[in-house]
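Each remark here refers to the structure printed beneath this line.
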Amino acid sequence: MGKKILWIVVNSLMALSLVLAACGQPAAPTAPTAPSAPTTPAVPTAPTAPTAPTTPTTEKPQQEVVKPATEAPKYGGVLMLSTNSDPQSGWDSNYVTAGSVWPINLTNQGLWQGDWAKGPAGGYGTKETDWRASYDIFDHKAGYIAESTKWTIDDAKGEGTIIYQIRQGVHWALNPASEASRLVGGRELTADDVVFELKRAVTNPTAYIYLAQPEVRGAEITKTGPWEVTLKVKLDGLMSALSRLGDSVNLHPPEIIKKYGDAKNWRNSVGTGAFMLTDYVPGSTGIFARNPNYWMKDPVGPGKGNQLPYLDSVKVLIIPDASTELAALRTGKIDWLASVAWEDATQMRKTTPALLGVEIPGSSQGKTFMRTDLPPLNDVRVRRAMMMAIDFKAILQNLYDGVGDYNTFPHFYMTAYAGLRFELDDPKMPESVKELYSYNPEKAKTLLKEAGYPNGFKTSVLIQANQVDYYSILKDMWAKVGIDLKLDIRDAGTHAAMGSARSYEALSTTGGQGPTAIFYLGSSIAGESRANGSMINDPVINEGLAKIRRAALTDIFEAMKMYRELTPYVMDQAYAIPAVQGTATRFWWPWLKNYSGEYDVGYFNFIGWSGWVWLDQELKKSMGY
């Protein structure tokens, strides 16, 4: 088997000439007015971080890839980005996680998000984090729409209270060419707007938050002052309310929802972000013009105090074909590419050495959830046998040259969350866990016999077409111990629907292994969340998570330590087949300034960094682009 990742779906090729044609610059909008600078929200003081465990093979020492720029930032230019698909559920983040509506953070903001100045920030930040992934550490947050966020805990009542002080002077963007924007009229955002959106998130039966975090459905949300919003929720839902309602709910004006029903149509896009959606062609392009009435200023560096954003606009090209996307980067038609697989990245460094880049965790395959509520998968011996029948090392070697990770369940490794990590070679890791990752088909057969399946059994896995090659590998490995795997191949819509309805027979790739950043919610290992694809209901895990969530409210690092202590037990139950993860590289051109490899500034704030960067157009021209 070749080292190239075989299961990538090759969509219909887009001619590079289409990419070239899409690169025209829209007219620059009117210069903005200067609002007040943002402030950091009031949150509990961060304790000392625990000692990080052994670093995995996927992680390399951090390097300073960009020196602090001494020149003052310049206004103007069009930032050219790319993505592989159109937004899910249109442009209304109420219905999906904000990460699935990839440009929503350009136009619509939440209550709090990442503090840009606590990252590299063009070389002038505090570097407390790198913003290269979705991090959700409260001490790294800043107030956006909520100028401050404070919470209290009432153990006697079993209730938590969050008080948001809403920022004054924030206006909805006004695009004269948009009927929806004219309806709102560029008015000031109010506390009533916040109450409306938060209630929509916890009461709409089809909303993402409603479905993914059922513990917040009973939240009581009221306006308690001219610029104050108070939320009360049962204590077991306080952590979810803080984290998910704080930064996963992007605000939309009530007028838009009341008139149009939702904000799924791009023409109804109205927000308070750095940019305004001015044009969208499905399968081709999204154009975001500078919001002339944006409220943020540059917090650090030579441009400190400058009105943001610096860019005239952001243009996002929708390029489903990977080779076309790579060609667009190589020829300077796009300025940045989020992730390039290791094989292509190696080639890119040779052909285009002027590009800057950082290594990041790459794509993964094999995250497989199980119907642990039904036989034979309700028997831990069967689940353990299935893991021991997989040669994880061979798969990693064939797909990623042996560089990567397969210790990925219940969470992936992330630098900011090293305190969670329990290495397989850790002396304290139980031998019973280590053997799950060691290829041992004979032991697998013994376990199956003990469980009452001496001749194996038949089962099936719900997958999509782009997963066939990988699961064919597992099918072959499992066949050697008597497990006959059927590949139940469905289109994306049916695949998702069957996952949500839990209508798959046995195995499925529809479970949503939650981001490491929200480990304390335990979404993929407990509760009613659809992320719990294995339908796990384990008293030990449930009790442990309750304590972890409580600790995370005041000490996130103590919560990491507690989760780490629970991890060997979770792994020992073999509730899911872990993913095999490789490495990748994030590339950008040197004319993209104030940039150091960021992806999310906060939690699922994809390409939100666009509001702080600037383009050195003279440098770009001097490089021949």
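List of remarks:
- Helix-only [θ]222 nm of the chain, DSSP H runs n ≥ 4, -39500 (n - 2.57) each, per residue, nearest 500: -7000 deg cm²/dmol
- Of all DSSP beta bridges in segment 364-581, antiparallel share, percent nearest 5: 45
- Estimated FRET transfer efficiency (ASN378, GLU179; beta-carbon r; R0 51 Å; 0.05): 0.40
- When only alpha carbons are used to place a centre, segment 347-376 and segment 237-314 end up 29 Å from one another.
- Spacing of the two label points (7 Å from each Cα toward its C-beta) at LYS621 and SER323, in nm: 3.5
- Separation between Cα centres of segment 161-207 and segment 319-342, rounded to whole Å: 35
- Using equal-weight Cα scatterers in the Debye expression, the normalised intensity of segment 364-581 in log10 at q = 0.18 Å⁻¹ is -1.42.
- Sites listed here are GluC sites (Glu not before Pro) in segment 88-176 whose DSSP assignment is loop and whose Cβ has at most 13 other Cβ atoms within 10 Å, and the list is empty.
- With the simple model of a label 7 Å out from the Cα in the direction of the Cβ, ASP469 to TYR75 spans 4.9 nm.
- Net length gained if the chain between SER432 and LYS150 were fully extended (0.36 nm per residue, minus Cα distance): 97.2 nm
- As a calculated quantity, the FRET efficiency between GLU188 and THR224 at R0 = 22 Å, using C-beta atoms, amounts to about 0.70.
- For the pair PHE457 and LEU424, the difference between a 0.36 nm per residue extended length and the Cα-Cα distance amounts to 8.9 nm.
- Cβ crowding within 10 Å, taken as a proxy for footprinting-reagent exposure, orders THR224, THR206, THR324 from fewest neighbours to most as THR206, THR224, THR324.
- Cross-link pairs beyond the 26 Å C-alpha cut-off, checked among LYS157/LYS223; LYS127/LYS547; LYS367/LYS480: LYS127/LYS547
- Dimensionless Rg/Rh of the chain - Kirkwood Rh, Rg from C-alpha atoms: 0.96
- Within segment 583-625, backbone nitrogen closer than 14 Å to the virtual label 7 Å beyond the Cα of GLU128 toward Cβ: 602
- Residues in segment 379-396 that a label on ASP476 would reach, taking backbone N under 17 Å of a point 7 Å out along Cα→Cβ: 389-396
- Most to least packed among 109-117, 448-456 [average Cβ atoms within 10 Å]: 109-117, 448-456
- Counted by neighbouring Cβ atoms within 10 Å, the residues SER243, SER534 run from fewest to most as SER243, SER534.
- Counting beta carbons within 10 Å around each of TYR437, TYR144, TYR520 and listing the fewest first gives the order TYR437, TYR520, TYR144.
- Set LYS234/LYS304; LYS434/LYS486; LYS428/LYS486; LYS150/LYS259 screened for pairs whose C-alpha atoms are more than 31 Å apart: LYS234/LYS304; LYS428/LYS486; LYS150/LYS259
Each value in this text was obtained by applying a stated rule to the coordinates, not by laboratory testing. Computed from a prediction, not measured in an experiment: that's the story for all the values here. Cβ atoms come from the backbone with ideal geometry, glycine included; neighbour counts cover every protein chain shown.
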